[in-house]
Amino acid sequence: MKDHAPNSWEARAEAHSLYGFTDLPSIRERGTVVVTHGEGPYIVDTNGKRYLDANSGLWNMVAGFDHKGLAEAAKAQYDRFPGYHAFFGRMSDQTVALSERLIEVSPFERGKVFYTNSGSEANDTMVKMLWFLAGAEEQPQRRKILTRWNGYHGVTAVSASMTGKPYNSVFGLPLPGFIHLTCPHYWRYGEAGESEAEFTARLARELEEVIAREGAETIAGFFAEPVMGAGGVIPPSAGYFQAVQPILKKHGIPLIADEVICGFGRTGNTWGCETYEFVPDAIISSKALTAGYFPMGAVILGPEMTDRLQAAIDPIEEFPHGFTASGHPVGCAVALKAIDVVLEEGLLEMVRAGAGRMEAGLRRIAEHPNIGELRGVGYMWALEAVRDRDGKVPFDGSLSVSERIANTCTDHGLICRPLGQSVVLCPPFTITDGQMDEMFDKLDAALKQVFDEVA
């Protein structure tokens, strides 16, 4: 147990704050890091220590922690019109402008946008839209939702039910009707002697079998991240979306791309679905939508979903759903600026220019015999730790290897994220070559230190 001065920031945090998704043994041993401000890709704690945040906050601070243009956009809108809703036929001009811009940069030729406060709420809202459609189209039995094991879609009761993670069992989730298919992680779940193409074909057959077992007429939608983020940065097996989308179309099941992490540049394109060459029926957006400078999520509907939802709404004359801060004018002003910063002011080009360098640096580190796999795309990567590389044998869970690596990185002034047996790196798009080298050096030192202790 780490001792803190009674009135220190650390002691005050631990006395009155409830931690989410936090390894409590680490807190008891090491204490809380209380952060005061950021400088580019760095954050600074109450003791003045700087950390290179290679997790971009939570994937979202893609422009760093002190981008003047984003802060000024928020300040200007607070001065002009500090808050409003999108109810009762009233919304801010910034909300209207953002909806236009989102459809413009989406893969859809037309559509509509509905705003939430987070990605979790946006996924939750999309499920309600699908259920609403089912009832309006006289298919009330069409309630089931398909996702994948290791997929992450949020923390509301519905979006957590979509999330294919065992920790949700402590809440008695998933709710009935949420069905998880095989995670498309070829390195981990491919069978002996099975090629990647054969693995993809097997997952497509599984989808057909699940649809046949459950009944296509009972399934409301299929949700998928282009790259599974919180599952441990898992790109799909080759040809995955090209294999599953025709099956879904054949059975009239919408494909929803959860782009909360992938959207707005993380994979090297505006959208992850662009990187993996498919066009979904709707997109869920958040995180980089505002570059982390305001909490916001969005449901972006393609043409068919827009028309169907409008036809369902017309008879009852309203869509009875929304949030107090839906389409918040400050959030929309920030999002408009963030989209320009990423797409027009060079951040997306930075990812494209730096992705090869990032991969090459991580591949050198992944030569360590206790790294089983390096996987990723663009500026999102994971290194999976193993006790035995040839057999893909993980370390014993009691060793908490990824947590040790992340804690040791923190000691070295680098923040990365432990996920299962992996450590994840998803730096701000503004990271320089020198800062990337710093990330490599500190990560390499931490890995060597931890593997010397446990291997």
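Residue selection: residue 135 satisfies the criterion of being closer than 24 Å to residue 321 by Cβ and assigned to a helix (DSSP H, G or I).
Applying the criterion of being crowded, with 19+ Cβ neighbours inside 10 Å and among the hydrophobic types (A, V, I, L, M, F, W, C) to the residues of region 142-154, the residue that is nearest to residue 314 (Cα to Cα) is 145. Among the conditions (1) assigned to a helix (DSSP H, G or I); (2) in contact with a helix residue (DSSP H, G or I) (Cβ under 9 Å, 6 or more places away or on another chain); (3) farther than 21 Å from residue 145 by Cα, the only one that residue 274 does not satisfy is (2). Screening residue 410 with (1) out of contact with any strand residue (DSSP E or B) (no Cβ under 6 Å at 6 or more places or on another chain); (2) surrounded by 23 or more Cβ atoms within 10 Å (Cβ to Cβ) gives one miss only, at (2).
Residue 373 falls short on exactly one of the conditions (1) in the same structural domain as residue 274 (by TED's automatic domain parsing); (2) over 26 Å from residue 84 (Cβ atoms); (3) of a type in the set (Asp, Glu); (4) outside any helix (DSSP H, G or I), and that condition is (1). For residue 390, the conditions (1) outside any helix (DSSP H, G or I); (2) crowded, with 16+ Cβ neighbours inside 10 Å; (3) not aromatic (Phe, Trp, Tyr) are fulfilled apart from (2). In region 431-446, the count of residues that are surrounded by 22 or more Cβ atoms within 10 Å (Cβ to Cβ) and more than 25 Å from the chain's Cα centre (by Cα) is one or more. Within region 178-215, the set of residues being of a type in the set (Gly, Ala, Ser) and loosely packed, with under 14 Cβ neighbours inside 10 Å comprises 192, 193, 195, 197, 212, 215.
Matching residues to (1) touching a Pro at 6+ places or on another chain (Cβ under 9 Å); (2) farther than 23 Å from residue 134 by Cβ; (3) surrounded by 24 or more Cβ atoms within 10 Å (Cβ to Cβ); (4) assigned by TED's automatic domain parsing to the domain that holds residue 59:
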site	(1), (2), (3), (4)
279	yes, no, no, no
301	no, no, yes, no
310	no, no, no, no
323	no, no, no, no
330	yes, yes, yes, no
334	no, yes, yes, no
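Hey, does region 118-141 have a residue that's closer than 30 Å to residue 372 by Cβ, modelled with pLDDT of 95 or more, surrounded by 17 or more Cβ atoms within 10 Å (Cβ to Cβ) and among the small types (Gly, Ala, Ser)? Yes, the conditions are met somewhere in region 118-141. Of all residue pairs spaced 6 or more apart or on separate chains, those with beta-carbon atoms under 9 Å, a first member in region 321-341 that is closer than 13 Å to residue 86 by Cα and a second member that is among the basic types (Lys, Arg) and at pLDDT 95 or above are 321/128; 329/80.
The values are calculated or read from the model by the stated rules, or taken from the named source; none is laboratory data. Computed from a predicted model, the values in this text were never measured in an experiment. Positions of Cβ are generated from backbone atoms using ideal geometry, with glycine treated the same way; all protein chains shown enter the neighbour counts.
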